[in-house]
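Input: a single structure, listed below in structure tokens.
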Amino acid sequence: LLTSVIYFSLLLLFSTEVLSLLHLLNYTGVTTFWLFISLFGSALIYKNKISLTKNLSDSLTLLSIAFKQLSFFYKTILISSILLLILILVQGMIYPPNNWDSMTYHLPRISHWIQNESVENYPTHIVRQLYQPLFSEYVILHTHILFGGDLFSNAVQFFFLVLTTFAVIGILKEFNVNKSILFITTILCFTLPEALLEASSTQNDLTHSFFILTAIYYAIKSYKITTPNYFLLFGISVGFCLVTKVIAYLYAPFIVLVFAIFILYKIIKEKQPKFLLYSFIVIIPIIAINIGHSFRNYSFSGNIIGTNDKITKGIVFEKTSPKIILSSCLKNMALHSDPYFIGNMGDKIVEKAHLLIHFNINEPGTNVFDMKFKSNSNWKNHEDVQPNFLHLILFLTCVLFYFIHSIKSKSLNWIAFTFLITISLQFILFSAYLCWEPWNTRLHLPLFFEMVVFIAIIFSQINMKRIDYLMYLLLPLLMYYASYVTLHNRIRPYLYKKDLTAETHLFSSRFYKYFGNFPEKYNEFKDFQDYMVKNKLKNIGLISSIDGWEYPIIMNRFQHSDIKINHILLTNSTKNLEKIRLKIDYIVSIDKSENTLTYNKQNYYLVTPKNKYLFIYTKK
């Protein structure tokens, strides 16, 4: 299954790049490609129908036996978790994408790609649309083109939650963890609060988590079964980590480092130089997967990451020291101190810790844009800031047990130790590089899946009866909390609750649901949509702030493919990408207002002077 997803991802990535080069990234090109793949797959299924039927039958039999062997308690937990996942899948279809980043860059970049029939760089006020890694958006792009809209956009993250859980199980099976622990591990993955909230969104942390976990899985397989194939799959996984999320540049290096140390040990131990040759195979897919996006970044910014000092100012540390790193680690851990369980105790503990180390908790340059530190956001049940408190406490408890057990037994579980060191180094580098942000919790998501692996390894050392007693208390609590968070998702709620969820509900209009994060914007954006249809606008010039809500404007293209929306009057580096001066009938400006605008020697006059968020300009 994991290998199939990896190769499917390769197909999707390279088909997008090739269709883009040919300027065939449209409904005809994408449909033709997937029709060909479907026919080829159908032929393979027909050719292997006997073995496929047998495998499916055997799998269903094994699942049936496994389910019957579960106790009533575990059956109840399993059925509850499946129902919860179904609720999340439906939630992501009822609600359109409505998180802030989706409005500013995740989805607008997709709309521009569809309009341009290419993923080439284009002029934009929101430079994140260009330089941010893009594989998750590639997957969403194909669903947008095939289904003519964003109905299934949120489902991408949902499926990667399920797939990441399979990756965790795959890793543990390599260490012969028993079935009961595998079952508990599955529930731990399915009840991660941050993961559940993101699974009905278009954020990319779950997609990123999947490739981080498959990189670990194939690293283990490469060590145990030293064949070129697993080295290749390891390289592909690392490549997709980097092309999915930029934070992978902080996480993936330690996975590669641990992999290199173990392979080097094997080379020395077994005196097999061919393993060194296999290691070079890893580099090829990493380069091949990232070359397109990296080249486009380099072409307009001068570096393969696409950022510069102006973009990263206030986000990454300009200076560092042991105290700054320790402070950042404490503040990042405090993000997971859930107010439902401990109130504002997380703030108090971290504040006292800073007094002990004689360091200002709000030292200039250590918090993003010099925000004041507060561990518990006012946005409860929001995917950007959701804590994973119970999972963190369970992990820290297992760490404590691991050290006590190691000292008593005078032996070291090297598997658990390797995971613990890897997680620790990743977290420390993360904290040493990025300024503290209240929305770092979702960036920690891959670490929590790695923590679940560590927890399962520790559980496998404990008497199963003791584990069962713990689970009778823990799993119902996890399931209840996961259900509560899901049902009261702040911007995609099933159940409305004052001061907890947005003022939207299941039966609100789909367009209104886009504004869960900022309902005050709805009326002006709705008026613009009506204005666009009434006046049959076709050539629209767009002006935006660096964090402007572009998607509720450009999404109209799905219903009216003749509409062209392009960024104009640029002041950033992408202005050099303007090839021709466009013919513009109307100008719409997000967040910025002037009485008169001039473009291409033509004056445009403001017709919405009373608006606060969206401003329309015409020639008359």
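The values are calculated or read from the model by the stated rules, or taken from the named source; none is laboratory data. No experiment lies behind these values; they were computed from the predicted model shown. Every residue, glycine as well, gets a Cβ built from its backbone with ideal geometry; the counts of neighbours run over all protein chains shown. Heads up: the accessible areas ignore ligands, DNA and RNA and are worked out on the full protein's heavy atoms, side chains in. Shrake-Rupley method; radii C 1.70, N 1.55, O 1.52, S 1.80 Å.
Structure summary
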read-out: Relative contact order of the chain, pairs being alpha-carbon contacts under 8 Å that are 6 or more residues apart, as %; value: 17 percent
read-out: Mean residue ellipticity (222 nm) of the chain, computed from DSSP H runs ≥ 4 via -39,500 (n - 2.57), nearest 500; value: -19500 deg cm²/dmol
read-out: Carbon/sulfur fraction of accessible area - the stretch 340-389, other protein chains in place, 1.4 Å, %; value: 62 percent
read-out: Relative contact order, percent, the stretch 166-285 [alpha-carbon distance under 8 Å, six or more residues apart]; value: 25 percent
read-out: Rounded percent of accessible protein surface that carbon and sulfur make up, the stretch 256-299, 1.4 Å probe; value: 79 percent
read-out: For residue 567, distant residues with modelled amide H under 5 Å away; value: 542
read-out: Net length gained if the chain between residue 182 and residue 280 were fully extended (0.36 nm per residue, minus Cα distance); value: 31.9 nm
read-out: Surface accessible to a 1.4 Å probe, per residue, for the residues of the stretch 1-120, Å²; value: 55 Å²
read-out: By average C-beta atoms within 10 angstrom, highest first, the peptides 493-502, 399-408; value: 493-502, 399-408
read-out: Förster radius 30 Å - calculated FRET efficiency between residue 369 and residue 575, Cβ distance, rounded to 0.05; value: 0.75
read-out: Dipole of the chain, positive end: most advanced residue of 158, 344, 535 [Cβ charges, Cα centre]; value: 158
read-out: For residue 17, net neighbour charge (Lys/Arg +1, Asp/Glu -1) across residues whose Cβ lies under 14 Å away; value: -2
read-out: For the stretch 15-108: rounded, prolate or oblate by the Cα gyration tensor [a/c cutoff 1.5]; value: oblate
read-out: Average Cα contact separation per residue, the stretch 362-447, under 8 Å, 6 or more apart, as relative contact order %; value: 49 percent
read-out: Close Lys-Lys pairs in the stretch 265-345, where close means Cα under 30 Å and separation is 8 or more or interchain; value: 8
read-out: Per-residue ³J(HN,Hα) for the stretch 501-511, Karplus 6.51 cos²θ - 1.76 cosθ + 1.60, θ = phi - 60°, Hz, x for Gly and Pro; value: 10, 5, 7, 9, 8, 4, 9, 5, 4, 4, 5
read-out: Residue-normalised accessible area of the stretch 232-357, expressed per residue, 1.4 Å probe, Å²; value: 52 Å²
read-out: Backbone N under 18 Å from the residue 55 label point (7 Å along Cα→Cβ), restricted to the stretch 211-247; value: 230
read-out: Distance from the stretch 51-107 to the stretch 239-303 (C-alpha centre basis), Å; value: 32 Å
read-out: Cβ crowding within 10 Å averaged over residues, with 545-552, 38-45, 84-91 ranked highest first; value: 545-552, 84-91, 38-45
